[in-house]
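Okay, so here's the structure we're looking at.
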Amino acid sequence: MHILGAASAYPGTAITDELLSALSTGGVAPSRTISSGISNRWSVLPEEYLRSTRNADKLAGAKAAVSSPTELGHRAAQEALRRAGVEPEAVGLILGDVSNPLETCPSEAQRVGGRLGLKVEAFDIVVAD
């Protein structure tokens with residue numbers, strides 16, 4: 001097996017320190033959250049939605065999302081293929097690194113393969129803190 005290209009894709013909403021402070025509900029001190037050492041945070045949820053709801057209802061949040069894990073995976077896969085200089089048909093295995101799948105069957109890796117027009121082995125590696 002050879003890994004010829006790798007890439008990632010990020011959603012469009014930047015979670016700034018100012019936004020984190022605005023969203024703080026008292027459970028975690030904003031200064032403690034902000035000083036975590038994380039320089040970039042991103043969300044699929046629009047900033048207006050986060051400010052107005054604080055994403056209190058996780059099911060509503062899934063509906064408010066402006067992109068899905070599959071869309072982000074597809075963008076990353078296209079970039080990895082471009083970097084590797086290969087066509088999708090050359091792919092024999094898809095491994096997806098996903099921490100927040102919307103569904104587990106079919107896997108996000110299988111959905112990304114479908115977006116690429118591929119029918120190959122595809123597995124998610126689900127990693128979360």
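The values are calculated or read from the model by the stated rules, or taken from the named source; none is laboratory data. Quantities reported herein were computed from a predicted structural model and do not represent experimental measurements. Note that we place each Cβ from the backbone using ideal geometry, even for glycine, and neighbour counts take in every protein chain shown. In case anyone asks, the SASA skips ligands and DNA or RNA and just uses the protein heavy atoms, side chains included. Shrake-Rupley method; radii C 1.70, N 1.55, O 1.52, S 1.80 Å.
Annotations
- Solvent-accessible area of the chain (1.4 angstrom probe, protein heavy atoms only): carbon and sulfur portion equals 54 percent.
- Relative intensity, log₁₀ I(q)/I(0), of the chain from a Debye sum that treats every alpha carbon as a point, q = 0.12, 0.22 Å⁻¹: -0.56, -1.28
- Å² of accessible area per residue within region 40-129, as computed with a 1.4 Å probe and no ligands counted: 66 Å²
- A Förster distance of 25 Å, applied to the separation of the beta-carbon atoms of R115 and S24, puts the FRET efficiency at 0.10.
- Accessible area (Å², 1.4 Å probe, nearest 10) - V98: 10 Å²
- Entry note, the chain: relative contact order of 26 percent, from Cα contacts under 8 Å with a spacing of 6+ residues.
- Reference-scaled alpha-carbon Rg (2.2 N^0.38 Å with N residues) for region 45-109: 1.42
- Take the Cβ atoms of E89 and L59, set R0 to 35 Å, and the FRET efficiency comes out at 0.40.
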